[in-house]
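Undergrad: Pasting a structure below so you can have a look.
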Amino acid sequence: MTIAENVSTAPVPPAPGVNPSADAIISIRNLRKWYQVGGGFLGFGQKIFLKAVDDVSFDIERNKTFGLVGESGCGKTTTLKLLLGLEKPTSGTIYYEGEDVSTLSKAGKTEFRRSVQAVFQDPWSSLNPRMRVRAIVGEPLEIATTMTKGQIATRVGDLLSETGLNPYQANLYPHEFSGGQRQRIGIARALALNPKVIALDEPVSALDVSIRAQIMNLLVDLQEEHGLAYLLVAHNLATVRYMCHDMAVMYLGVVQESGETEAIFNNPMHIYTNALVSAALPSHPDIQREEFLLPGEVVSPIDPPPGDVFMTRTPLEVDPNHKWANERPPLVEKEPGHWVVETPWSMASDAGLQVELTSHEGV
Amino acid sequence: MAESTDATVEEKDEDSSVGVVVDTDGFGDTATSDEVVLEVKNLQTHFTTRWGTVKAVDGVNYHVNRGETLGIVGESGSGKSVTALSLMRLVPTPPGKIVDGEVHLGGRNLLALSEREMTGVRGGEISIILQDPMQALNPVFDISNQVGEAIKIHQKLKGAALWDKVVDSLRKVRIPAPETRAKDYPHQLSGGMRQRVVGAIGISSAPAVIIADEPTTSLDVTIQAAYLRLLRQIQQEEGVGIIFITHDFGIVAKMCDRVAVMYAGRIVEVSDVRTIFNNPLHEYTKALISSVPKLEEKSGRLPQIEGQPPLLYNLPPGDAFAPRSTLEFTPEDAARRPPLVEVEKDHWVQLSRSSVSNYDKYANLMPAEDDE
C-alpha cells in the first residue's frame, strides 16, 4: 500500500486539505516548483515558467525506501531538494509525521531538519577537503546538540565504525580515502543526528562497481537497524528494484506511474515506464529484450503543454481536442496501490509495447 | 540484419509519425571474423610517482578481430583506460612511459613509429571516443570544423569535398538535418547529439579500430541505449573492431563479443562473453558479475567484494587479488605471480589457488615456474 486509499492523489485540481496517510512519515501533496524564466516585466505580459516539479504527490512510509526515477531534467532532484528545504516550493505541502512542515513552530522546524538528512551523489565534491573527518561527521552534532567535545568524539567514533570505517581514521582528511570510503563518511555524517528520513541522491552511481554492492548493503542494514525511511533518487532501474519498496516514474516534472516497485516492474503500464525499462541494460548476454525508442527527444520543461506532458513523445495518435490534451490528466489507481496517468495515448497495452522482464535461467 | 535495422532508424528520423522503433532482433551476433586487426603483446606502461613506480599496465596481451567488440572491464585503477591511451600513444610522458610491448595494427608496430608517423595513424586507422562529450569538443569551433579536422589531415580533402564528407559522417551517426547541424556549436546540441558528434569524429576516417572509453556513462538510459545501438550498426556497416572500455557488466552483456577482465594492471580472465557470464573461473570476475543487482528479478542480498582496489604502487608481489579473495589458500599459493593460462579453448585465466576455486582441475596446465 503505497498511497493510502483514503487519500486522493488526483493532482488536478489541487485538492486542499487532504489528509496525509497514517503509515507515511513523509507525505508530499501537489508539490510544485516553478521557476520564472521570462516575461512578466513590471507585472505586464505573459509570465513564462520552467515547471521543474508540477503537482507531485507521494508518500514515504516508515522504514521503507521510496524511489524516484526518470531522465535528467524530469524533476526528481528538485523534488529531493524541496523535501530537504533547499528549495522553497511554489505551492503544495510536505507533511512530516502528519504535520504540514510550513506551519511548524520554530522548535518543530528544527526537529524536522534534524530528522531529514541527505547523502549526495559525488563523494569527491560533497566533503570539504580542508576538514578532518572528525570535523565533518561531528559538525551536525556541534551545531544541533549540546554535546561536549568528548561526547562528540565518542559519537563520531561510533558512527565511523557503524559505517564500516575505523574510528582512528577520524583524524584523516577526505583525500586520504577512496570513493567508497568517502561515501561512508557522507553516510556517517547523515546519521549523526539520528534522523528518521535520509534523502539519497544517486548514492552509488559515482562509485566503482565492486564498491556499489558494499554501499547498497550498508544502506539496507542501517535502514533495518535504525528504522530509517529513504528517498532514493536514481536513474539506474536495477538499483531501484534492489533498494526500493515503492517508486514513482517522473517525466517533465510530473509523476506518470507510481506504486509498489515489484508491481511496476512486473507490470509496467505507462508507455514511458516501458521505454525506460526496455532501454535498461540486461544482466546476461542471452537476455534479448525488445527495445524501443520513443519518438523525439525530451522536450523543454519551459512552458510545457497544458495537457498531458507526455503527449509529444507518444507513438500513438493524439487527438488535439481530447480533454487530456488540454487539461492535466490525473493518476488513476488501475490496480490496488498501482497508479498511472491514463490517457488514450499513454497506456503501453494500447500501443502493444509492454515489456516483459524475464531473467536468465540457469547458472 | 544490418539493412533492416538501418532502415527503421532512417524512417524514425524522417517521419516521426512512424513512432516507436522496435528492435525485435535485439543486438544478436555480429559478423565477426577471425581476421585479427589489432594485436597487443606484453604491453607495459609505468608511471613514476613520488611513492614509487606504478605499473598501471603490467604485461597485457590481447587481440581484436575485424567487426568484433572486445570489452575491457575493470574498476578504476585497474589499468583499462591507460591500456587504451597506450595504444593511441597518448600516455602523458612524463610521468608515464610505455616501457615495453608491441601493438600491431595494419602490419606495423605502432610503438616503434616516429611521432610524425603516429600522427598519421591516430584518428586515421585507430581512433578513440572519449567519455565526456562536453570536454571532447571545443566550444569555440563549430561542428563542421571539428569533424572536418580529422578528415582534412587524414584524407587531404578541402572545400566542397570536405564539407560533403563532414555531412556524410554526421549522417552516418544519424544526426537529423546534418547540413544545418554542421554549422552549430557544441552548446547548441543536447548531450546525446554531442556524443554522436564525437562518434562522427571517431568514424570519419574509416578506422580499423575504435576505442570507446566509457562513452555512455554521462548519458541517460534511453540515450545510452540509442547510442549503443548506433555503435553496433556502424560496426556492422564498416566492419570496424571496437575496444569497449567499461565497468558496467550490463554494457558488456549487450555490446561485447569477447571480454577481458583487468585487475591491478593485468588481465585476469579473457573469453567470449557467454563463457564469462556462464562459467567465470576467476574469483574477481565471479564477484563482479554477482555483485550487480538485476533488473529482471528482485535480487536477494547482494554478495559484495570485501576490501578496496589495491594501491598500484604497493602491489602484493604474487597474486594481486589474493588479499580480497575469500578462498582458502596458503601464503605460498599466492606468492607466485599467476600466469595467464588457456584452460579451455579461447578461455584464458590467471591461474592460482588463491583466485580460482577449482584450481586443482587445471593445476596440470600450470607452466613450470622456471619457464617465466
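Conditions tested, residue by residue: (1) in contact with an Asp or Glu (Cβ under 9 Å, 6 or more places away or on another chain); (2) modelled with pLDDT under 90.
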position: A:Tyr242; (1), (2): no, no
position: A:Val249; (1), (2): yes, no
position: A:Val277; (1), (2): no, no
position: A:Pro301; (1), (2): yes, yes
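Undergrad: Under the condition of being among the small types (Gly, Ala, Ser), on the phi < 0 side of the Ramachandran plot and out of contact with any Lys or Arg (no Cβ under 8 Å at 6 or more places or on another chain), which residue from the range B:202-239 is nearest to the other protein chains (Cβ to nearest Cβ)? Step through it out loud before you land on a result.
TA: Within the range B:202-239, the subset among the small types (Gly, Ala, Ser) is B:202, B:204-206, B:208, B:212, B:218, B:225-226, B:239.
Okay, now just the ones that are also on the phi < 0 side of the Ramachandran plot, so B:202, B:204-205, B:208, B:212, B:218, B:225-226.
Now restrict to residues that are out of contact with any Lys or Arg (no Cβ under 8 Å at 6 or more places or on another chain): B:202, B:205, B:212, B:218, B:225-226.
Values: B:Gly202: 22, B:Ser205: 28, B:Ala212: 15, B:Ser218: 10, B:Ala225: 4, B:Ala226: 6 Å.
Out of the qualifying residues, it is B:Ala225.
Undergrad: Looking at the range B:235-248 only, could you name the residues that are farther than 27 Å from A:Val204 by Cα, surrounded by fewer than 21 Cβ atoms within 10 Å (Cβ to Cβ) and in contact with a helix residue (DSSP H, G or I) (Cβ under 8 Å, 6 or more places away or on another chain)? Break it down into steps so the answer makes sense when it comes.
TA: Initially, the range B:235-248 is screened for residues farther than 27 Å from A:Val204 by Cα, giving B:235-242.
Retained after the next criterion (residues that are surrounded by fewer than 21 Cβ atoms within 10 Å (Cβ to Cβ)): B:236-239.
Within the range B:235-248, B:Gln236, B:Glu237, B:Glu238 meet the criteria.
Undergrad: Here is a further query. Looking only at the range A:114-139, which residues are crowded, with 19+ Cβ neighbours inside 10 Å and in contact with a Leu (Cβ under 8 Å, 6 or more places away or on another chain)?
TA: Narrowing the range A:114-139 to residues crowded, with 19+ Cβ neighbours inside 10 Å: A:116-119, A:121, A:123, A:126-127, A:133, A:136-138.
Result: A:Val116, A:Gln117, A:Ala118, A:Val119, A:Pro123, A:Val133, A:Ile136, A:Val137.
Undergrad: Taking the options B:Ser86, B:Ser78, name whichever one is within 14 Å of another protein chain (Cβ to nearest Cβ), of a type outside the set (Phe, Trp, Tyr) and buried (at least 21 other Cβ atoms within 10 Å of the Cβ). Break it down stepwise before answering.
TA: Working: B:Ser86 fails: within 14 Å of another protein chain (Cβ to nearest Cβ).
Testing whether each residue is within 14 Å of another protein chain (Cβ to nearest Cβ), of a type outside the set (Phe, Trp, Tyr) and buried (at least 21 other Cβ atoms within 10 Å of the Cβ) leaves just B:Ser78.
Undergrad: Only one residue in A:Asp308, A:Asp319 is among the acidic types (Asp, Glu) and either over 18 Å from A:Asn274 (Cα atoms) or within 12 Å of chain B (Cβ to nearest Cβ) (or both). Which one?
TA: Of the residues listed, the single one that is among the acidic types (Asp, Glu) and either over 18 Å from A:Asn274 (Cα atoms) or within 12 Å of chain B (Cβ to nearest Cβ) (or both) is A:Asp319.
Undergrad: Is it the case that some residue within the range B:188-200 is surrounded by fewer than 23 Cβ atoms within 10 Å (Cβ to Cβ), in a helix (DSSP H, G or I), more than 14 Å from chain A (Cβ to nearest Cβ) and among the hydrophobic types (A, V, I, L, M, F, W, C)?
TA: No, because not a single residue in the range B:188-200 is surrounded by fewer than 23 Cβ atoms within 10 Å (Cβ to Cβ), in a helix (DSSP H, G or I), more than 14 Å from chain A (Cβ to nearest Cβ) and among the hydrophobic types (A, V, I, L, M, F, W, C).
Undergrad: Can I ask one more? Out of all the residues in the range A:168-180, is one or more within 14 Å of chain B (Cβ to nearest Cβ) and aromatic (Phe, Trp, Tyr)?
TA: Looking through the range A:168-180, at least one residue is within 14 Å of chain B (Cβ to nearest Cβ) and aromatic (Phe, Trp, Tyr).
Undergrad: Being crowded, with 20+ Cβ neighbours inside 10 Å and either within 30 Å of B:Ile305 (Cα to Cα) or more than 13 Å from chain B (Cβ to nearest Cβ) (or both) narrows it down to one residue among A:Leu228, A:Leu294, A:Leu222; which is it? Explain how you work it out, then say what you get.
TA: Numbers: A:Leu294 fails: either within 30 Å of B:Ile305 (Cα to Cα) or more than 13 Å from chain B (Cβ to nearest Cβ) (or both); A:Leu222 fails: crowded, with 20+ Cβ neighbours inside 10 Å.
None of the others qualify; the one that does is A:Leu228.
Undergrad: Tell me, which residue of the range A:186-233 that is among the polar types (S, T, N, Q) and without any contact (Cβ under 8 Å) to a residue 24 or more places away in the chain is farthest from B:Arg301 (Cα to Cα)?
TA: Just the residues of the range A:186-233 that are among the polar types (S, T, N, Q), to begin with: A:194, A:205, A:210, A:214, A:217, A:223.
Pick out the ones that are also without any contact (Cβ under 8 Å) to a residue 24 or more places away in the chain and you get A:210, A:217.
Working: A:Ser210: 15, A:Asn217: 7 Å.
Only one residue tops the list, namely A:Ser210.
Undergrad: Could you say whether any residue in the range A:202-209 is in a helix (DSSP H, G or I), at the interface with another protein chain (Cβ under 9 Å from one of its Cβ atoms), surrounded by fewer than 24 Cβ atoms within 10 Å (Cβ to Cβ) and among the aliphatic types (A, V, I, L, M)?
TA: Within the range A:202-209 (the criterion being in a helix (DSSP H, G or I), at the interface with another protein chain (Cβ under 9 Å from one of its Cβ atoms), surrounded by fewer than 24 Cβ atoms within 10 Å (Cβ to Cβ) and among the aliphatic types (A, V, I, L, M)), the answer is yes, since at least one residue qualifies.
Undergrad: Now, a different point. Would you say A:Phe292 is more than 15 Å from the chain's Cα centre (by Cα) and assigned to a strand (DSSP E or B)?
TA: Working: more than 15 Å from the chain's Cα centre (by Cα): yes; assigned to a strand (DSSP E or B): yes.
In short, yes.
The values are calculated or read from the model by the stated rules, or taken from the named source; none is laboratory data. Bear in mind that the values here come from a model prediction, so they are computed numbers and not experimental data. Ideal geometry is used to build each Cβ from the backbone, glycine not excepted, and the neighbour counts take in all protein chains shown.
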